[in-house]
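The values are calculated or read from the model by the stated rules, or taken from the named source; none is laboratory data. Note that the coordinates shown come from a computational prediction; the quantities given were computed from them, not determined experimentally. Neighbour counts are summed over all protein chains in view; Cβ atoms, including those assigned to glycine, are modelled from backbone coordinates with ideal geometry.
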Amino acid sequence: MKHIDVKEIVTSKKYVGSEVTVCGWVRTSRNSKSVAFVELNDGTSLKNIQIVVEKGDGDFKEPRVGMSLKVVGNVVEGRNNTVEINTVPENITVLGDCPTDYPLQKKGHSLEFLRSMPHLRSRTNTFNAVWRVRSVLAAALHRYFQNHNYVYINTPLITGSDCEGAGEMFQVTTNGYTTEFRNEEEYYANDFFGRKAGLSVSGQLEGEMAATAMGKIYTFGPSFRAENSNTPKHLAEFWHIEPEVAFAELDDVIEIAEDMLKYVIGQLLELCPDEIKFFDAHFEKGLKSRLEELISHDFGRVTYTEAIELLKNSGENFVYPVEWGCDLQTEHERYISEKVFKKAVFVTDYPKEIKSFYMKQNPDGKTVAAVDLLVPGVGEIIGGSEREADYDKLVSAMQERGMNLDLYSDYLDLRKFGSVPHGGFGLGFERLIMYTTGMANIRDVILYPRTVGSIR
Ligand code: 4AD
């Protein structure tokens, strides 16, 4: 269907004086004796185009909210430096009617209410803006890595090894477990892959294989976690960006993470000014200046051990008690980034017991070269580390955790054949979107959220 994107028309004056065809859904409509005003949105911009219909003497049925229309008309200058389209009823084609029980008839629905209709909520300004931010940030992330000599790698989604070792894998099976199997081994041997398989929680292990050949790689795909965490920042299916870099130590990993975030957020401010203004006005006052500050200042840096001291001396009444060795909870992460540093902060060198087997063991024998990036409002958005490149140390860390070394023979081979210092991190894409839009619930930054107890 030949037509012009509304975005093209509303962002320049070049169509003024020409006849155009536009398509879209009616956002609002109001009628007076001789003219009707219809706000049409086709999704290409937060801005609607106003259609001014000269009604004449004929029968004119006012378009209803939600109807889809094709309109042919003349572009003219409107009030306040805008453009609009003048037309007559004969030049309006109704593509799809919309009955009065359309749930978005009225404006101002709560985000919670809109969550009950994921198939329609994209037609609101809020979700129009969120999806565009997602798209622009995704493209900026690819651009960042492509501009810095990284190779984009697609790692498998079905895997036989649990990268994080946290037992949060969804099982992939074509077999229901029945009592005819004598034990688990027999059950899995009869399953599709001939052994236990699951959905990947992270592409890191395979990413390491590629990085130790290609030097610098990144992945950008979904990860799956069967975490029983019904919180505003956990999804069972989230999008994960995982760069992995050979010849890199922890400091290099931290530098890349900071540089990457500053670049993509800078791009967002440049390419989505309307969306950022919208979120600033409706979701988080001061969002724009917070993002501008982020890209113009160094991120903070603190070790886990120092962070524990800060928390213990805070005088705060945390729900989860703080002791060296404990996992940092969201309340602790937010205290560190919001109250102490008041900006993004890298926390490094965590106790080895609370981190994954693959992290480089520090000389103190107690901590590993891990890093998490904590940001105000959200908490952790990045988790990464330098990897253990020493074969014997890696094997002993795996044995301490009771892991089956046979399942990780490829991974161990990397430490046998030309091992190099290397590292990388994982950025949770939805958490980045939350941070850059001020949206407080992760369910509102992905088209169809998958969370514990809920799928649609
Ligand atoms: O800290 P995580 O578990 O690290 C890894 O998966 C490493 N293998 C990454 C690497 O070094 N290549 O996860 C990384 C990030 C978290 O910081 C968070 O932003 C996001 O992934 N994340 C989630 N996002 C939404 N829902 C969940 N359930 C998430 N779990 C992790």
Does any residue in the range 360-386 that is within 15 Å of G300 (Cα to Cα) come within less than 6 Å, Cβ to Cβ, of a residue that is of a type in the set (K, R) and near the ligand (Cβ under 9 Å from one of its atoms) six or more places away or on a different chain, and which pairs are these?
-> I381/R431
Given (1) assigned to a loop (DSSP other than H, G, I, E, B); (2) touching a strand residue (DSSP E or B) at 6+ places or on another chain (Cβ under 9 Å); (3) acidic (D, E), number of the condition E316 does not satisfy = (2)
Sort out which residues of the range 363-406 are at negative phi, part of a loop (DSSP other than H, G, I, E, B) and more than 10 Å from the ligand (Cβ to nearest atom), and write them in order of number.
-> P363, D364, K366, P376, E388, A389, D390, R401, M403, N404
Over the range 232-251, the set of residues within 17 Å of I381 (Cβ to Cβ) and near the ligand (Cβ under 7 Å from one of its atoms) is K233, H234, L235, F238, H240, E242
Just to be sure, is S409 outside any helix (DSSP H, G or I) and small (G, A, S)?
-> no
Just one of D280, D274 is away from the ligand (no atom under 16 Å from the Cβ), surrounded by 17 or more Cβ atoms within 10 Å (Cβ to Cβ) and part of a helix (DSSP H, G or I); which is it?
-> D280
Out of the residues in the range 348-359 that are within 10 Å of the ligand (Cβ to nearest atom) and touching a residue at least 40 places away in the same chain (Cβ under 8 Å), state the one that is surrounded by the fewest Cβ atoms within 10 Å (Cβ to Cβ).
-> S356
Pairing a residue in the range 318-347 that is free of Cβ contacts under 8 Å to residues at least 12 places away in the same chain with any residue that is of a type in the set (S, T, Y), where Cβ atoms lie under 8 Å and the two sit 6 or more apart in sequence or on different chains, gives Q329/Y320
Test V16 against the stated conditions and say whether it is in contact with a Phe, Trp or Tyr (Cβ under 9 Å, 6 or more places away or on another chain), outside the structural domain of V130 (by TED's automatic domain parsing), in contact (Cβ under 8 Å) with a residue 60 or more places away in the chain and farther than 25 Å from D101 by Cβ.
-> no
Check off (1) of a type in the set (A, V, I, L, M, F, W, C); (2) crowded, with 18+ Cβ neighbours inside 10 Å; (3) within 11 Å of the ligand (Cβ to nearest atom) for A166 and give me the number that stays unchecked.
-> (2)
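A quick yes/no check of all residues on (1) outside any loop (DSSP other than H, G, I, E, B); (2) within 16 Å of the ligand (Cβ to nearest atom); (3) more than 14 Å from S223 (Cβ to Cβ); (4) touching a strand residue (DSSP E or B) at 6+ places or on another chain (Cβ under 8 Å):
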position: F127; (1), (2), (3), (4): yes, no, yes, no
position: V130; (1), (2), (3), (4): yes, yes, yes, no
position: L141; (1), (2), (3), (4): yes, yes, yes, yes
position: R182; (1), (2), (3), (4): no, no, yes, no
position: F192; (1), (2), (3), (4): no, no, yes, no
position: K196; (1), (2), (3), (4): no, no, yes, yes
Looking at (1) in a loop (DSSP other than H, G, I, E, B); (2) touching a Pro at 6+ places or on another chain (Cβ under 9 Å); (3) within 15 Å of the ligand (Cβ to nearest atom), find the lone condition where R456 falls short.
-> (3)
Taking the stated definitions as given, is L261 outside any loop (DSSP other than H, G, I, E, B), under 24 Å from R132 (Cα atoms) and without any contact (Cβ under 8 Å) to a residue 60 or more places away in the chain?
-> no
Name, by its number, the condition in (1) in contact with a strand residue (DSSP E or B) (Cβ under 6 Å, 6 or more places away or on another chain); (2) buried (at least 21 other Cβ atoms within 10 Å of the Cβ) that does not hold for V445.
-> (1)
Per-region count, the range 212-231, residues modelled with pLDDT of 95 or more and more than 10 Å from the ligand (Cβ to nearest atom) = 9
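In the range 23-78, what residues are basic (K, R), within 40 Å of the chain's Cα centre (by Cα) and farther than 15 Å from R123 by Cβ? So that I can check it myself, show each step before the final result.
Filtering the range 23-78 down to residues basic (K, R) leaves 27, 30, 33, 47, 55, 61, 64, 70.
With the extra rule that they be within 40 Å of the chain's Cα centre (by Cα), the set shrinks to 27, 30, 47, 64, 70.
Answer for the range 23-78, where residues must be basic (K, R), within 40 Å of the chain's Cα centre (by Cα) and farther than 15 Å from R123 by Cβ: R30, K70.
Can you tell me which residue within the range 224-253, out of those that are part of a helix (DSSP H, G or I) and surrounded by 21 or more Cβ atoms within 10 Å (Cβ to Cβ), is farthest from the chain's Cα centre (by Cα)? Working first, answer last.
Our first condition is that a residue be part of a helix (DSSP H, G or I); within the range 224-253, this holds for 250-253.
Restricting the remaining residues to those that are surrounded by 21 or more Cβ atoms within 10 Å (Cβ to Cβ) gives 250, 253.
On the way: L250: 24, V253: 20 Å.
Selected residue: L250.
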Criterion (more than 13 Å from the ligand (Cβ to nearest atom), over 15 Å from E430 (Cα atoms) and out of contact with any Leu (no Cβ under 7 Å at 6 or more places or on another chain)) met by exactly one of E258, E206 | E258
Residues that are assigned by TED's automatic domain parsing to the domain that holds S12 and surrounded by 14 or more Cβ atoms within 10 Å (Cβ to Cβ): find the strands (runs of 3 or more DSSP E) completely inside the range 32-120 holding 3 or more of those.
-> 35-41, 49-54, 68-77, 83-87
